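The values are calculated or read from the model by the stated rules, or taken from the named source; none is laboratory data. Bear in mind that the values here come from a model prediction, so they are computed numbers and not experimental data. Cβ coordinates were reconstructed from backbone atoms using ideal geometry, including for glycine residues, and neighbour counts include every protein chain displayed. Remember, those area values only see protein heavy atoms, side chains included, never the ligands or the DNA or RNA. Shrake-Rupley method; radii C 1.70, N 1.55, O 1.52, S 1.80 Å.
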Amino acid sequence: MKTGSLLPQTILLVLTIATMETALIWALQIAPADKLQGDVQRIFYFHLGCIWPGFVAFFYVLYASIRYLISRASKWDRRAFASGQVGLAFCTMVLVTGPIWAKPTWGVWWAWDARLTSTLIMWLIFLGYVMMRDYIDDQKMRERLSAVLGIIGASMVPFVYFSTRWFEVQHPKPVVMGDAESGIKDPNMVIALLLALAAFTLLYLFLWRRGTELAEGDAKLSELRMRMNALEEEA
Amino acid sequence: MSFEVHLDKIDKVYGETWALKGVSATIQTGDRITIVGHNGAGKSTLLGLTATLTNPTRGTICYEIDGTVAKDRGQIRRHMSMLSHSPMLYADLTARENLKFFAGLYGVSTDHHGIDSRLEKVGMKAAGDTLFRACSRGMQQRISFARAMLGDPDLLLLDEPFSGLDKKGTERLKNILMTEYRHGWLLVTHDLGQGYEMANRLWIFKHGRLAHNLKKSELDFKEYVSLCEANLPEEVLR
Amino acid sequence: MPNLILLMLSKDLRRELRSKEVFLSSFLFSLILLCIFYYAATSSSVAFEKLPNTALWICIAFSGTIGLHRTHQAELQNACYKALMMAPRDPGLLFLAKFAANATLLTIMSLLLLPLIALFFNLDLGSNLLKMIPGLVLGIAGFVAIGTLTVVISANTRISDILFPIIHLPLVVPVLIAGVNCTQKAMLGEISWTGIQILCVLNLVFLSLGFMTYAYLLEE
Amino acid sequence: MNQEPANNLMYLTAAYSAIWLILAYFLTVLVLKNRRLARELEQLEQRVSNMEKNKAP
């Protein structure tokens, strides 16, 4: 079984690295610099590249959590959790690169821009989701509560996005450089963005697989340890 | 009215500890079963499982009401209730208010008079309007018994109901249990004498397994005690 | 179902009148918050009078969290919650009943808070009070709908008191954003229909989520 | 927009290194957990087989 799953793993890894390299080259070299923002705009390719699989990760949490509650099969819990972890990591990348891009373009590290705010809240929701598991000892309880929290959290994501945007209409943005003059126009820019998206999607798949396998190993381990304890107790 | 519970190869795992291991047994109508076992041997877990509060890790529990298998949790729950060492009543309400609330919650229609007669049965009519927190431990446990009896259950799940009671309180509650209640129960206890006296079946748990499942008529008290001593660590027997 | 809600409501209100738990933890706590708010605002030369809405929602968010946690702890005392879990009732209806009781308590608390805020901020509420009510009530309802779920989730962890606000508050951000907007407009004499619509949709989603998932929380 | 290009490049580098750092951290945690897991599994399997050997005769 192990050798069977090793080959697709390797293919996926190679594919991820290759796409990532190409995306890097395109984003940093081939795509032209933005007219107004200059080279900083290149952050955007990878910044956006992270958001997309981040969203996918969170919606997968929703899907897997529902599947868990229906079937009560631990594998769905492990898949949901691995996805949540990767989503959280990607969200962190978005949150870190966002301010780094904002400083030279907007002049401030943080503006309460809808995109930044909603990402921050999403990050907090899933930090809670990932953190909570460490504080519940019983496995079944942990799986069940995580699934419920995962469902609530992930279904909240669209509302977070919607409400932060709605709020922005009420208060016009501060002196923020709009995207009207700059933005993605050159075909090479589009290619760079698409490549980054592809690279991070592949990366998500890879990390998610690894995380799930790790959780499966963990489960196997605790099952073994439990059987050992039982055997020793009886002996 | 018959109410039977069939446990089939029940496993229950908490974290990395095995609370129950391959437990198969049948609880028949009118069985008064005393359960003993060392701490963490899965006795309370068994009650929780029987009460449909939690699901077994493996295995199935099947409920038979009047010969037909019941699937609906609500229907099953109407036939059981639990009396544990914590009274499950609100400290800031009076005994009467508490009973009224739970009667409503459990769908038992009781007027003012009905609640009164239930309180009278446990000898608590006079204390019906005192706040629950002001009642003594013994009184609290008797009111809690009245709560457990609200739905006229066919199976009582007793999780160390006597813990924290003094001798007099224990005697009184035991008397009420023996005289006011006619159906079966599962009683988890540490007190072998009491357990033997109240039972017609005896279960002994060891390491999550149901080590012995005996009729009371099969052995006298002395044999029972020696069997328990053989299976349980000393600290349980005190 | 209305029976169950009335039952839960009368039980929780009666308990509250006797113990004054939520009143103490929420209302008095809000009072202290308002004092801190005053000094924090004036010492940074922000016009304190312009912030009644801000103060109102900060009080609701903080004291609401404390109040929800407190009421659930009271349920856990004497293992009463276990008796609720064993009730032969539809868990979804139990959720709605619990939600109604919690929401009523918090709404009463915030209605008590309103005159106080009007007093402290020299606000003329009289004419705008009625306009404020829908936004306030709907906002609190959404806050409590999620809170009724998350408080049970966090109660099963080892650090329930810390974890509850951490998982609860990010989830209610959309409600708070919409609620803040509604009451702000109401204070200026307008009604924010979009805000109320959003709040209605959010409440609908939260309540149906709770209705469907509460069964999974009522297990041991 | 009104910054020196050199300065701009600094931000660009910072952003990309941040991504790689987070990724590296994530991967390291994964690898470390994996290793610990493999080690513990090995130990346990040995213990199990030892016990079964003791039981057999």
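For the reader, a short list of remarks on this structure follows.
- Given (1) under 21 Å from the mean Cα position of the chain (by Cα); (2) under 23 Å from B:Ser24 (Cα atoms); (3) without any contact (Cβ under 8 Å) to a residue 24 or more places away in the chain, index of the condition B:Glu197 fails: (2)
- Condition check for B:Arg133: modelled with pLDDT of 90 or more, surrounded by fewer than 21 Cβ atoms within 10 Å (Cβ to Cβ), away from chain A (no Cβ under 14 Å) and not in a loop (DSSP other than H, G, I, E, B): yes
- Against the test of being surrounded by 12 or more Cβ atoms within 10 Å (Cβ to Cβ) and either closer than 29 Å to A:Arg42 by Cα or at pLDDT below 80 (or both), the options D:Leu41, D:Leu27 yield a single qualifying residue, D:Leu27.
- Being within 11 Å of another protein chain (Cβ to nearest Cβ), within 30 Å of B:Gly128 (Cα to Cα) and open to solvent by less than 10 Å² (accessible area, probe 1.4 Å) is a property that does not hold for B:Tyr106.
- Here A:Val169 meets each of (1) surrounded by fewer than 19 Cβ atoms within 10 Å (Cβ to Cβ); (2) at pLDDT 80 or above with one exception, condition (2).
The rows are residues; the columns are (1) modelled with pLDDT of 95 or more; (2) farther than 22 Å from A:Ala192 by Cβ; (3) assigned to a helix (DSSP H, G or I); (4) not hydroxyl-bearing (Ser, Thr, Tyr).
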{"site": "A:Leu48", "(1), (2), (3), (4)": "no, no, yes, yes"}
{"site": "A:Val61", "(1), (2), (3), (4)": "yes, yes, yes, yes"}
{"site": "A:Arg67", "(1), (2), (3), (4)": "yes, yes, yes, yes"}
{"site": "A:Gln85", "(1), (2), (3), (4)": "no, yes, yes, yes"}
{"site": "A:Phe90", "(1), (2), (3), (4)": "no, no, yes, yes"}
{"site": "A:Pro99", "(1), (2), (3), (4)": "no, no, yes, yes"}
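- Of all residues in region C:6-21, those that are more than 18 Å from B:Asp129 (Cα to Cα) and more than 8 Å from chain B (Cβ to nearest Cβ) have Cβ atoms under 8 Å from Cβ atoms of residues that are open to solvent by 30 Å² or more (accessible area, probe 1.4 Å) and not β-branched (Val, Ile, Thr), 6 or more apart or on another chain, in C:Glu21/C:Arg70.
- Answer from C:Ile117, C:Ile58 - the residue that is open to solvent by less than 10 Å² (accessible area, probe 1.4 Å), of a type in the set (Val, Ile, Thr) and either more than 21 Å from C:Met8 (Cβ to Cβ) or at pLDDT below 90 (or both): C:Ile117
- Residue among A:Ala57, A:Ala102, A:Ala80, A:Ala89 that is crowded, with 18+ Cβ neighbours inside 10 Å and more than 14 Å from chain D (Cβ to nearest Cβ): A:Ala80
- Every residue from region C:83-114 that is open to solvent by 20 Å² or more (accessible area, probe 1.4 Å) and free of Cβ contacts under 8 Å to residues at least 40 places away in the same chain: C:Asp90, C:Thr107, C:Ile108, C:Leu111
- Of residues in region C:182-202 being away from every other protein chain (no Cβ under 11 Å) and surrounded by fewer than 23 Cβ atoms within 10 Å (Cβ to Cβ), the one nearest to A:Ala147 (Cα to Cα): C:Cys200
- Any hit, region B:143-156, residues being of a type in the set (Val, Ile, Thr), within 30 Å of B:Lys100 (Cβ to Cβ), touching an Asp or Glu at 6+ places or on another chain (Cβ under 8 Å) and crowded, with 18+ Cβ neighbours inside 10 Å: no
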